[in-house]
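What follows is a set of notes on a single structure, which appears directly below.
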Amino acid sequence: MFLALVVLLLLGYPVAFALAANGLLFGFIGIELGLLTPSLLQALPDRVFGIMRNDTLLAIPFFTFMGLILERSGMAEDLLDTIGQLFGPLRGGLAFAVIFVGALLAATTGVVAASVISMGLISLPIMLRYGYDRRLASGVIAASGTLAQIIPPSLVLIVLADQLGRSVGDMYEGAIIPGLFLTGLYAVYVLGVSVFRPTWAPALPREARTLRGFALLRRVVVSLLPPLVLIFLVLGTIFLGVATPTEGGAMGATGALILALANRRLSWNLLRQAMDSTAKLSSFVIFILIGSTVFTLVFRGVDGDLWVDHLLTSVPGGELGFLIVVNILVFCLAFFLDFFELAFIVVPLLAPVAEKLGIDLIWFGVLLGVNMQTSFMHPPFGFALFFLRSVAPSSAFIDKITGRKLAPVTTGQIYWGAVPFVCIQIVMVAVVIGFPGLVLDRVQHAPVDQNIQIDVPAPDAEAPAIDIQ
């Protein structure tokens with residue numbers, strides 16, 4: 001089944017239809033060979049309706065819509081301009097600004113495409129104008145955009161929580177520290193480059209720093225306040241237990257509309273584009289989930305899950321050996337598969353084995369989230385690299401400010417720029433494995449009451465109820 005799925009994907013068939021067709025094909029083969037009964041496929045309608053009734057997945061269109069509205073509301077542009085002015089006097093200041101804004105956008109949009117494209121359009125021309133190395137500039141923008149994968153409200157974490165059968169709120173709480181830690185590692189790398197390769201990341205010249213003193217301070221406060229309020233509105237209410245992730249997403253979408261309206265950028269055209277894109281992405285996710293359900297049902301019907309269980313539990317090294325093999329497997333599959341495909345195909349097969357080995361599934365989900373983040377950065381198929389390639393200059397161009405002719409950004413430079421950040425993400429995977437407290441210290445698992453009480457009405461009104469403890 002896996003081999004046939006790989007062949008179909010390499011032939012270019014859409015993932016959702018390849019999964020469903022593969023499952024049905026081998027289901028019919030299994031029925032003909034007597035390995036399956038036709039009644040197995042009768043479970044499909046219930047599974048499909050179960051997906052459509054899943055309240056957790058409602059958070060996906062809300063957060064997607066919020067991110068798309070914010071992308072067009074001018075928040076990213078204002079943030080990059082302001083933070084760039086603030087860090088401008090430092091070597092590597094623009095790169096630090098991109099990382100900082102990338103983390104803020106991740107905590108408000110949760111959409112990689114929106115973050116990468118926004119920062120690519122706004123900050124890449126400025127970085128090229130002032131002499132930044134093209135590999136460093138490309139890598140910083142692509143990597144900072146992928147922070148939306150691990151910093152809540154991440155769509156990846158919603159899908160992982162659903163597939164692992166865990167709370168989205170717990171997954172968010174567990175991911176917040178690793179996400180910020182990864183942001184810090186990016187900043188440390190930029191600091192090292194600015195120290196040992198100062199020509200790669202020069203400071204902004206004085207004439208480019210137009211804001212100073214109180215004017216700069218006022219601009220920072222005004223630019224930072226709306227996203228911080230939105231972050232609290234979304235994540236704060238979820239962490240405090242006031243709202244569910246779905247309700248938090250709805251509030252975030254409403255807040256994004258208010259922010260766009262306040263910036264006088266809310267129009268019917270913007271609204272229609274955001275709703276169209278949200279409908280497409282939500283349909284894309286649901287169709288892949290339906291296809292993966294067909295595939296998984298047949299795979300489990302022929303005891304494929306038991307085969308995977310025996311294979312992974314017999315790996316030498318116990319729990320650590322399992323984690324190493326799984327992370328290498330996910331890392332390699334990420335060269336070819338998107339994170340949605342990994343989450344819907346691979347994770348349901350890994351979760352039962354992880355639980356059997358006594359691994360906390362919240363921690364396991366965050367670990368897989370960090371690993372899957374590399375799927376956006378892998379040359380040559382990383383989506384973040386494709387997004388950046390679509391907005392980076394592919395031919396020589398005239399800079400609008402200086403009037404100088406600047407060289408293009410080549411695809412090779414984008415790929416090489418991504419390599420150090422992929423290595424940093426691998427280091428982060430090792431850190432999460434080595435220090436599980438980074439995830440688990442923030443997750444408050446609700447205690448389970450082991451007492452069982454059964455009240456049976458007594459035939460005699462005066463007789464006491466039976467109480468079994």
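The values are calculated or read from the model by the stated rules, or taken from the named source; none is laboratory data. This structure is a prediction, so every number in the text was calculated from the model and none was measured. Note: ideal-geometry Cβ built from the backbone for every residue, glycine included; neighbour counts use all protein chains shown. Side chains are part of the model used for accessible areas, which takes the heavy atoms of the whole protein and leaves out ligands, DNA and RNA. Shrake-Rupley method; radii C 1.70, N 1.55, O 1.52, S 1.80 Å.
Structure notes:
- Length released on extending from residue 188 to residue 37, taking residue separation times 0.36 nm less the Cα-Cα span: 48.6 nm
- Taking every alpha-carbon pair within segment 1-150, the share separated by more than 18 Å comes to 68 percent.
- Hydrophobic long helices, here whole DSSP H runs in the chain with Kyte-Doolittle means of at least -0.5 and Cα atoms spread over 30 Å or more along the helix axis, are found at 168-196, 268-301, 411-434.
- Under 18 Å from a label point set 7 Å out along the Cα-to-Cβ vector of residue 287, the amide N atoms of segment 20-58 belong to 20-24, 48-49, 51-52.
- Treating r as the C-beta distance of residue 405 and residue 197 and R0 as 35 Å, the FRET efficiency rounds to 0.90.
- For the chain, taking the reciprocal of the average inverse distance between every pair of different Cα atoms yields a Kirkwood hydrodynamic radius of 24.0 Å.
- Judged by the mean number of other Cβ atoms found within 10 Å, the most tightly packed of the peptides 319-327, 374-382, 307-315 leads the ranking 374-382, 319-327, 307-315.
- Selection among 108, 141, 17 by position relative to the dipole of segment 1-145 gives 141 as farthest towards the positive end (Cβ unit charges, Cα centre).
- Length gained when the stretch residue 279-residue 310 is fully extended (0.36 nm per residue, less Cα-Cα span): 7.2 nm
- Estimated inter-spin distance, residue 332 and residue 319, nm [label 7 Å along Cα→Cβ]: 2.5
- The protection proxy used here, the mean number of other Cβ atoms lying within 10 Å of each residue, ranks peptides 97-107, 228-238 as follows, highest first: 97-107, 228-238.
- Available extension along the chain between residue 220 and residue 49 is 56.8 nm, counting 0.36 nm per residue and deducting the alpha carbon span.
- Computed E for residue 398/residue 17 - FRET, C-beta separation, R0 56 angstrom, nearest 0.05: 0.80
- Carbon + sulfur, % of accessible area of the chain - ligands and nucleic acids excluded, 1.4 Å: 68
- In segment 124-191, the alpha-carbon atoms span a convex hull of 86 Å³ per residue.
- As computed over segment 240-398, the Cα convex hull volume per residue (Å³): 190
- Based on C-alpha pairs under 8 angstrom that are at least 6 apart in sequence, the chain has a relative contact order of 24 percent.
- Sequence-distant residues sharing a close amide H with residue 397 (under 5 Å, placed H): 406
- A protection proxy built from the mean count of other Cβ atoms within 10 Å ranks the segments 147-158, 383-394, 43-54, most packed first, as 147-158, 383-394, 43-54.
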